[in-house]
Amino acid sequence: MARVDKPNYYLDIADAIAVRSTCLRRIYGAIIVNNDEIIATGYNGAPRERKNCSDLGRCLRDELKIPQGERYELCRSVHAETNAIISAARNEMIGSTLYLVGRLGSTGELLDAAPCSMCRRVIINAGIERVVCRKADGSFTITSRREMVYDDDTISKPV
């Protein structure tokens, strides 16, 4: 049996963490690794002590047919990346790598995982140096902190 490389090793762990997700729409798992040590883990779900969509048996964003990436304020969940970040000390995250895996809630199929614009802001402020995301075909992408800083999707472009 061939030994798995480090990025896929950590992505596989993030995928295992995703099974704790309580979101009906998207299932995400994230881990933060620094110096080859896991600093924190996170999955998407409602804040502590609030009811999860899986408990309620419904997703408001699905019911309202809200497209992916829009109207996050109507979602009950805290994203996996953010949950991992709030579970770690900032000094442990500086220079670290965040690994992210996502699956479709209805089928479990892999998605092209990527942090949303809000999570990218939190990742930048946490001092995380790179984000490794599993794609639907099983490959992965690596995005540097620098790319997230300079690829600022919140600046409107002149028409």
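The values are calculated or read from the model by the stated rules, or taken from the named source; none is laboratory data. Small disclaimer: the values here were computed from a predicted structure and weren't measured. Neighbour counts are summed over all protein chains in view; Cβ atoms, including those assigned to glycine, are modelled from backbone coordinates with ideal geometry. SASA here: full protein model, heavy atoms, side chains in, ligands and nucleic acids out. Shrake-Rupley method; radii C 1.70, N 1.55, O 1.52, S 1.80 Å.
Return the pair list, or none, for Cβ contacts closer than 8 Å from residues in the stretch 1-24 that are closer than 18 Å to residue 109 by Cβ to residues that are among the β-branched types (Val, Ile, Thr) and open to solvent by less than 30 Å² (accessible area, probe 1.4 Å), at least 6 apart or on different chains.
Filtered contacts from the stretch 1-24: 11/101; 11/132; 14/31; 14/101; 15/101; 17/31; 18/101.
Report, by residue number, each residue of the stretch 86-109 that is surrounded by 16 or more Cβ atoms within 10 Å (Cβ to Cβ) and either in a loop (DSSP other than H, G, I, E, B) or over 10 Å from the mean Cα position of the chain (by Cα) (or both). Spell out the reasoning first.
Step one: of the stretch 86-109, the residues surrounded by 16 or more Cβ atoms within 10 Å (Cβ to Cβ) are 88, 92-93, 96-103, 105.
Of everything in the stretch 86-109, those that are surrounded by 16 or more Cβ atoms within 10 Å (Cβ to Cβ) and either in a loop (DSSP other than H, G, I, E, B) or over 10 Å from the mean Cα position of the chain (by Cα) (or both) turn out to be 88, 92, 93, 96, 97, 103, 105.
Would you mind stating whether residue 36 is of a type in the set (D, E, K, R), surrounded by fewer than 14 Cβ atoms within 10 Å (Cβ to Cβ) and at pLDDT below 95?
On the way: of a type in the set (D, E, K, R): yes; surrounded by fewer than 14 Cβ atoms within 10 Å (Cβ to Cβ): yes; at pLDDT below 95: no.
So residue 36 does not fit the description; no.
May I ask you to list the residues in the stretch 20-56 that are over 20 Å from residue 89 (Cβ atoms), among the β-branched types (Val, Ile, Thr) and more than 11 Å from the chain's Cα centre (by Cα)?
Within the stretch 20-56, 22 is the sole residue that qualifies.
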